[in-house]
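Readers should treat all values here as calculations from the given coordinates under stated rules, not as data from a laboratory. Bear in mind the structure is a predicted one, so any value in this text is a computation, not a measurement. Glycine also receives a Cβ, built like all others from the backbone with ideal geometry; neighbour counts cover every protein chain displayed.
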Amino acid sequence: MIEDEHINMDNSKEIIKNRLKILKNPLVLILILGLVIRLFYIYLTSSYGMSGFWDSCLYGNYARYFSGHGPYVELAAVRPILFSLVWAGFNFFTLSEIPIRIFLLIFSMLAILGMYYLGKEMSNEYVGYIAALITSVFYIHIFYSIRLLVDTLSFTFFIWSALYFYKYFRDDKPKFFYIASIIVAIGFLFRITTALILMVVLFYTIIIHGLKMFKKKEYYIGAIIFLLIIAPYLIWGYYQFDGFVLIKALETNAPKAFWSGGLNVFIRYISQGLLLLPNNWAMPVAGLFVIGLFMMHGSIVGIDMARKGDKKLQKDLFLLLMFIIPLICISFLLDHDEDRYIFNVFPAIFVLTSIATISIKDWLNTKYGKIAANIFLIIIIALIIGSQIEATDRTVRGKMPAYQEVRQAGLWIKDNSNPGDIVVTQSYPQIQYYSMRYAQWFPSTEEEYEAMDKTNHRYFILSVFERSPEWIYSYPVKKNLTVANAWMSPDGQQPLIVIYNLE
């Protein structure tokens, strides 16, 4: 009996020892850090309704419509429906946002893990640790991990597909190409621009293999896998939007002047330092990215060596294309710049920054010793964490109050209307999401509005949050509409939202 107790105590000690050993793993610590930060901001914003943003509410409206828990909503080709279908699945059990937030949290964590493996495979384990650390605290990533949007999902699928495409090119194992094809196809169904990794693969293949690419059967099999996965969406989209869904999507946000418009967007991205400078603390880290980018110049000047099989130059070329191709494509495909639009440029940026960091550390270790190298690494890690945490807190807290009046107006309408009532407002996605009443936006002219069928129209809303056609602002006085409710600015001097009765 005593002997059994000793055995149990020894087993318990061994278990505790193994668990402590796991906690000493840098990757585990990085994942814990990323999880704690995300959970904190999810909790912080839970009562503010961070879905009160335009696109978030559209995805939510789609989900409720698909699940039969919300009114009709007009679909847009520019937004693939897989995210809303997943959300709709959760809606069959609960209309709470908690399940979809957990879903996004899981993929946000998978992005951190994916960056570790991408950095490790393209360089070494230490580069993987730094790349994962940057991802875990990156303020844009954290912010979009707590907003109900598809950008975090696209980022994750882009990372993992890039990892397996690279492993295919390095090891020449077709199974990696097939895995990457599956991953990018699923990512495409969340966000179309995830497929920009295919442009990276195409350019890389043309440069390295030329016409020999047509002899590789795995390319054809991978293409078939990709098309089979996205085919149901393409077929549905053809009938839903009366045409090829990708062309319809491009028509939505494409610059009106392709070359000049795209060039202006591209310049804005470059001039803003690719949004790597949220504060002065981040400047040394941004400098490391520039150094890492310069270190890739060998893939250009040594292009012939890369074609002849130099693995290092091939890796550098793939990494360089991962940075350049998505940046150029996004600049010319979309008519304006937003940080989330170039999300998929950052995996390359993080790996380049990490390579430069470890390279300088190794040089310092050789030149000045281990202590100098470790001091440098500690300073860089502190700058990475400090700059990004400060930027995250400022960004999240600054956005928390945004659209709260719209949210409150929607909730008020929900309590003061019937399910069949219709609301007319320029803030139609948010109002429909929170009120669960069908919302229409204003037509361009008063004549068009007067010609509309106004059966069941209940409320007419003016808002400062979305610019309305000019005729809207004089219409309530002209028609002598009565105010049902209003929300004022904090100083009480300006109305932010006014709800008028139409009955």
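Some observations on this one:
- Stretch gain in nm, segment D171-K24, where the contour uses 0.36 nm per residue and the Cα spacing is subtracted: 49.8 nm
- Karplus-based coupling profile of the range 480-486, in residue order and whole Hz: 6, 6, 8, 7, 8, 6, 8, with θ = phi - 60° in 6.51 cos²θ - 1.76 cosθ + 1.60 and x standing for Gly or Pro.
- Two-site FRET efficiency, D242 against I378, from Cβ-Cβ distance with R₀ of 45 Å, rounded to 0.05: 0.15
- Local net charge near Y117, Cβ-Cβ under 15 Å (Lys/Arg +1, Asp/Glu -1): +1
- Inter-site label distance for I324 and R394 at 7 Å from Cα along Cβ, in nm: 3.3
- Neighbour counts of C-beta atoms inside 10 Å place K175, K167 in the sequence K175, K167, starting with the fewest.
- Ordering of 179-190, 78-89 by burial proxy (mean other Cβ atoms within 10 Å per residue, highest first): 179-190, 78-89
- Under 5 Å, built H, 5+ apart or other chain: amide partners of H457: I422
- Karplus-derived 3J(HN,Hα), 6.51/-1.76/1.60, for each residue of the range 167-183, Hz, glycine and proline x: 4, 5, 5, 6, 9, 6, 10, x, 4, 5, 5, 5, 4, 4, 4, 5, 5
- Charge dipole (Cα centre; +1 on Lys/Arg Cβ, -1 on Asp/Glu Cβ; no other charges) of the range 404-501 amounts to roughly 260 debye.
- Rg ratio for the range 187-302: its Cα radius of gyration over 2.2 N^0.38 Å, N being its residue count, equals 1.43.
- For the chain, the longest principal axis of the Cα atoms and the long axis of helix 54-67 meet at an angle of about 80 degrees.
- Distance between the 7 Å Cα→Cβ label points at S444 and K367: 6.3 nm.
- For S181, net neighbour charge (Lys/Arg +1, Asp/Glu -1) across residues whose Cβ lies under 14 Å away: +4
- Near-label residues of the range 69-101 by backbone N, under 16 Å of a point 7 Å along Cα→Cβ of L250: 77-79
- Using 0.36 nm per residue and subtracting the Cα-Cα separation, the extra length available between E503 and L411 on full extension is 31.2 nm.
- With the gyration tensor restricted to C-alpha atoms of the chain, the semi-axes of the equivalent ellipsoid amount to 44, 29, 24 Å, longest first.
- Overall form of the range 404-501 per C-alpha gyration tensor (a/c, 1.5; a/b vs b/c): oblate
- Whichever lysines have a C-alpha closer than 28 Å to that of K311, once near sequence neighbours (fewer than 8 apart) are set aside: K120, K167, K173, K175, K212, K215, K216, K217, K361, K367
- Rounded to the nearest whole Hz, the Karplus-based 3J(HN,Hα) values (6.51 cos²θ - 1.76 cosθ + 1.60, θ = phi - 60°) of the range 130-135 follow the sequence 5, 4, 5, 4, 4, 5, with x at glycine and proline.
- Percentage relative contact order, the range 80-399, counting C-alpha pairs under 8 Å, at least six apart: 22
- Additional length obtainable on full extension of the chain from N485 to N124, 0.36 nm per residue less Cα span: 123.9 nm
- Estimated 222 nm signal from helices in the chain, with DSSP H stretches of n ≥ 4 weighted -39500 (n - 2.57), rounded to 500: -22000 deg cm²/dmol
- Neighbour net charge for M322 - beta-carbon separation under 12 angstrom, K R +1, D E -1: 0
- In this structure, H209 and K478 have a Cβ-Cβ separation that, at R0 = 60 Å, corresponds to a calculated FRET efficiency of about 0.30.
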